[in-house]
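The values are calculated or read from the model by the stated rules, or taken from the named source; none is laboratory data. Keep in mind the model is a prediction, meaning the values are calculated, not measured. Because the Cβ atoms are built from the backbone with ideal geometry, glycine has one as well, and the counts that use them run over all protein chains shown. Quick note on the areas: whole protein, heavy atoms, side chains included, nothing else; ligands and nucleic acids left out. Shrake-Rupley method; radii C 1.70, N 1.55, O 1.52, S 1.80 Å.
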Amino acid sequence: AIDDETELKNFIDKCVKVLGKKCNLNWIDISGIDDMSRMFMYSSFNGDISRWDVAHVIKMNYMFYNCSALSEVTLNEGLKTIGSNAFYNCSSLKSVEIPESVTSIGEYAFNYGNFTSIVVEEGNPVR
């Protein structure tokens, strides 16, 4: 498992360069990472990380900031906070479903997107 945020970001950048922006990164074990801030900031990544275990992630500020290629995202149950500017200016992202476990959404988390749908599960306190 990769347990250093800088090491993970550098590894992801290399994978995207070698495998392409639509690569599947689900095979990377991120269970030791608690800060995903700026992980894909300004990235051309538009691949798959839907199976990443984000239960330990406590920070994701600017995670996909200005990631204009990002067109789909799956926020897994267990995620507690969507950080400030997390999806800021993700112009290709059209919809997002916020799981019940999310209790906090930071400032500007979804600003300047082209969203047609932001679904907040029934009973969620951020609703």
Matching residues, region 59-78, being part of a loop (DSSP other than H, G, I, E, B), open to solvent by 20 Å² or more (accessible area, probe 1.4 Å) and either modelled with pLDDT of 85 or more or among the acidic types (D, E) (or both): N61, Y62, Y65, N66, S68, A69, S71, E72, V73, L75, E77
Selection from region 5-18 of residues that are surrounded by fewer than 17 Cβ atoms within 10 Å (Cβ to Cβ) and touching a residue at least 24 places away in the same chain (Cβ under 8 Å): D13
Close pairs from region 90-102: first of a type in the set (D, E), partner surrounded by fewer than 17 Cβ atoms within 10 Å (Cβ to Cβ), Cβ under 7 Å, at least 6 apart: E97/V119; E100/E77; E100/E121; E100/G123; E100/N124
Matching residues in region 111-127 - criterion: being open to solvent by 60 Å² or more (accessible area, probe 1.4 Å), within 14 Å of E72 (Cα to Cα) and either assigned to a loop (DSSP other than H, G, I, E, B) or free of Cβ contacts under 8 Å to residues at least 12 places away in the same chain (or both): N114, T116
Enumeration of residues in region 78-127 that are of a type in the set (D, E) and touching an Asp or Glu at 6+ places or on another chain (Cβ under 7 Å): E100, E121
Test: S50 is under 20 Å from L25 (Cβ atoms) and in contact with a helix residue (DSSP H, G or I) (Cβ under 7 Å, 6 or more places away or on another chain): no
Tally of residues being within 13 Å of the chain's Cα centre (by Cα) and either more than 23 Å from E77 (Cα to Cα) or polar (S, T, N, Q) (or both) across region 42-56: 4
Selection within region 79-105 - assigned to a loop (DSSP other than H, G, I, E, B), of a type outside the set (D, E) and open to solvent by 20 Å² or more (accessible area, probe 1.4 Å): K80, S84, Y88, N89, S91, S92, K94, S101, T103
Close pairs from region 68-81: first at positive phi, partner modelled with pLDDT of 85 or more, Cβ under 6 Å, at least 6 apart: G78/S101
Test: residue in region 25-44 that is farther than 14 Å from M60 by Cα and in a helix (DSSP H, G or I): no
Close pairs (7 angstrom Cβ cut-off, 6 or more residues apart or separate chains): open to solvent by less than 70 Å² (accessible area, probe 1.4 Å) in region 19-40, at pLDDT below 95 and polar (S, T, N, Q) anywhere: N26/S50
Where V16 falls short, out of the listed (1) outside any helix (DSSP H, G or I); (2) more than 13 Å from the chain's Cα centre (by Cα); (3) over 25 Å from N111 (Cα atoms): (1)
